[in-house]
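Readers should treat all values here as calculations from the given coordinates under stated rules, not as data from a laboratory. Small disclaimer: the values here were computed from a predicted structure and weren't measured. Positions of Cβ are generated from backbone atoms using ideal geometry, with glycine treated the same way; all protein chains shown enter the neighbour counts.
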Amino acid sequence: METELRARKKEPRGTVRPFARGKTARRLLKDWQLYSLLILPVAYFILFKYGPMLGNVIAFRKYVPGGPWFGTQWVGLKYFKMFIFDGNFWMKFRNTVVIGASSLVFGFPLPIVLALLLNEVRSKAFKKTVQTISYLPHFLSVVIVAGMTIDLLSPSSGFVNVIVKALTGHTVAFMQESGYFVPVYVITGIWQETGWGTILYLAALTNINPELYEAAEIDGASRWQQTLHVTLPGILPTITILLILNTGAILNVGFEKVLLLYNPAIYDTADVISTYLYRIGMEMNSFSYATAIGLFDSVIGFLLIALANFFSKKFSETSLW
Amino acid sequence: MKESASYRVFRVFNAILLLIVVAVTLFPLLNVVAKSFSDMKYIASNAVTFYPKGFNLKTYRLIMSDSMFWIDYKNTVVYTVVGTFINLFMTTIFAYALSVPRLMGRKFFTGLAVFTMFFNGGMIPNYLLVRNLGMRNTLWAVVVPGAISAFNLIVMRTFFEGLPRELEEAAAIDGMGTYGIVAHIVLPLSKPILATMTLFYAVGMWNTWFGPFLYLDRPEAFPVSLYLRNIIAGASQASGTDADALGEVASNVKAVTIVLTALPIICVYPFLQKYFVQGMTLGSVKG
């Protein structure tokens, strides 16, 4: 098959190939049912995934709502200059990095710890129960999680404030004070995703060769030493790949959760790039400006993940592509 | 295996720690259920913890007598059923095609899908596309833009690649076409992955709110997640009910709506958990 394809490529351009006689064409015809399966999904990807990528062209053009799909005239880097020189934008950028980095630093290690703890549990029933319960929050919609968060933290009817009042004598309006947003975001994320995050580690743990533990035991290694020298190296590839994915996605702050949790009083810490561009685009109808910000965000995000992948490939032989 | 004394201590400590994890996970959920059944005066004095105080069904009656709640609930069911069907159909046919070794351009088409996991067009171009296609305020705006998740696609392709090819080859020699092979050989062998995908997609559709928030204008078309969002945002009162009564019992109303919205997921989840886990671990085999 390989040689066949290569041979075809060597033909000079413009060689007339009668359609039905072309080997490729014949294979396509014979296998039309298989290739027909591609039509709808590929059309979907091109229209709904690559279409919007192409739609980013309006970041460089003046766009009038209701006018041509791809805008009316070129304006070069006008919109990019607008946000680069907009101090507001850099505040949102900083907020995004702070929220993303805090989530990574505090949220990433916990599933590993929980998986290791679960791994030491003998009773299957107990382990299963802990797993079932800790996975559950992952399946709740972000609307529900945000609703519960706001309610639990409410000064008048939230349980968290019962504790705060008992300790300090007064209540705190958590959702109205800038200083609390990042912790609230990170902790709710931990609550929702830590359990679910253990799954890949638990799967990796079951793949560790039991003979390694036996050998370690014969060598007199304690359980703790076994954890350090057998278990951790065993799940290291999983840790690496997930760390790359999560580092690369550091700017992909949970936009929906921020949108549901924040309010104008705490924009100085809570407003992130995506919520900012959402307001500029959807509430102020500055589509081109918002698209420019979005494109910048996507490109930086992509570069980050490519960079993380490069380092992972170099140092650990584990990579995404 | 011999256990050292320190390891025994660790195991006790470990069990306590895990019980704390369970308690912390469950408390917010129990709290919201408790609030939904509690009397307003206990909620106002912040006395409700994880069991109802002053048992009260008034708010359930209030919400459940709101016709808009039921309209939106029904919408969620429709969006979930139609959306999941589209998701499954599209993902299955693409994943199968990508799993067939003789497919020309297999790498290219896989790359076409995988690239979208790392780079996306962005919110505004997506919005403008849906608007320009005239899909706003239709069912299609909710179910079509997310028709295939690249992650789920790769999970499913990996599963199909693991199926024995001999049966398919034998069927092909007998003159069966690809459609027949998929329908009569591949799908019957793929029940576990189909279950997993159905669950992933159905939960996603059930929980979706931002697409509908962007693309739908009429409350009669909203999914119930958006109904809940509007209650939480205080942006709307349930129609046909006394606005004052609602304002007074805000926390209670929120709790009831949260419970009713989450109920189907919480009910089916424990029974189907193994399928979710299976999907995640399959996906990790080959990124």
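Between A:L34, B:Q278, A:T72, the Cα set farthest toward the positive side of the dipole of the protein assembly as shown (charges on each charged residue's Cβ, about the Cα centre) is that of A:L34. Is region A:31-75 best put as rounded, prolate or oblate by its Cα gyration tensor, with a ≥ b ≥ c the root eigenvalues, rounded for a/c under 1.5, and otherwise prolate when a/b is larger than b/c, oblate when not? The shape class here is prolate.
Arrange B:T178, A:T291 by Cβ neighbour counts within 10 Å, fewest through most, would you? Please list the in-between numbers first.
Values: B:T178 22, A:T291 31.
If I rank by nearby Cβ atoms, fewest first, I get B:T178, A:T291.
Looking at region A:47-152, the trypsin sites (Lys or Arg not before Pro) that sit in a DSSP loop and have at most 16 other Cβ atoms within 10 Å of their own Cβ are A:R122.
Using 0.36 nm per residue and subtracting the Cα-Cα separation, the extra length available between B:V9 and B:V78 on full extension is 19.5 nm. Applying the Kirkwood pairwise sum to the alpha-carbon positions of chain A produces a hydrodynamic radius of 24.5 angstrom. Bridging of B:K107 to lysines at a Cα separation below 28 Å is possible for A:K9, A:K10, A:K23, A:K30, A:K49, A:K313, A:K314, B:K191, B:K286, once same-chain residues fewer than 8 apart are set aside. Taking each DSSP H run with n ≥ 4 as -39500 (n - 2.57) and averaging over every residue of chain A yields -20500 deg cm²/dmol at 222 nm.
For region B:58-285, just say rounded, prolate or oblate: build the C-alpha gyration tensor, square-root its eigenvalues into a ≥ b ≥ c, call rounded for a/c under 1.5, and beyond that prolate if a/b exceeds b/c, oblate if not. Here region B:58-285 falls in the prolate category.
Going by how many other beta carbons lie within 10 Å of each one, how would you line up B:M156, B:M104, A:M148, B:M280, fewest first?
Fewest to most other Cβ atoms nearby, the residues stand as B:M104, B:M280, A:M148, B:M156.
Decide, for the protein assembly as shown, between rounded, prolate and oblate: order the square roots of the alpha carbon gyration tensor eigenvalues as a ≥ b ≥ c, take rounded if a/c falls under 1.5, and otherwise choose prolate if a/b is larger than b/c, else oblate. The shape class here is oblate.
How big is the charge dipole of the protein assembly as shown about its Cα centre, in debye rounded to the nearest 20, if each Lys and Arg gets +1 on its Cβ and each Asp and Glu gets -1 on its Cβ? Kindly include the intermediate steps, with their values, before the conclusion.
Working: 50 positive and 33 negative charges, 324 e Å.
In debye, rounded to 20, the protein assembly as shown gives about 1560.
Each Lys and Arg contributes +1 and each Asp and Glu -1, all at the Cβ; summed about the Cα centre of chain A, the dipole is approximately 1780 debye. Listed by Cβ neighbour count within 10 Å, with the fewest neighbours leading, B:V9, A:V142, B:V114 appear as B:V9, B:V114, A:V142.
Straightening the chain between A:F315 and A:E211 buys 34.7 nm, computed as 0.36 nm per residue apart minus the Cα-Cα spacing. In summary, the convex hull built on the alpha carbon positions of region B:24-72 has an orientation-averaged projected area of 4.0 nm². Rounded to the nearest 20, the Cβ-based charge dipole of chain B about its Cα centre (Lys and Arg +1, Asp and Glu -1) stands at 600 debye. Annotation for A:S36 and A:R279: the two label points, set 7 Å from Cα along the Cα-Cβ direction, are 5.2 nm apart. Amide H to amide H distances under 5 Å link A:R61 with A:V75, where only residues 5 or more positions off or on other chains count and H is placed in the peptide plane.
Here is the list for region B:1-99: chymotrypsin sites (Phe, Trp or Tyr not before Pro) lying in DSSP coil, each with at most 11 other C-beta atoms within 10 angstrom of its C-beta, are B:F55. Which residues in region B:1-30 place their backbone N less than 19 Å from a point set 7 Å from the Cα of A:S222 along the Cα-to-Cβ direction? Those under the cut-off are B:1-15.
Please name whichever of A:P111, A:S156, A:I84 sits farthest to the positive end of the charge dipole of chain A, dipole taken about the Cα centre and charges placed at Cβ: Lys and Arg +1, Asp and Glu -1. Of A:P111, A:S156, A:I84, it is A:I84.
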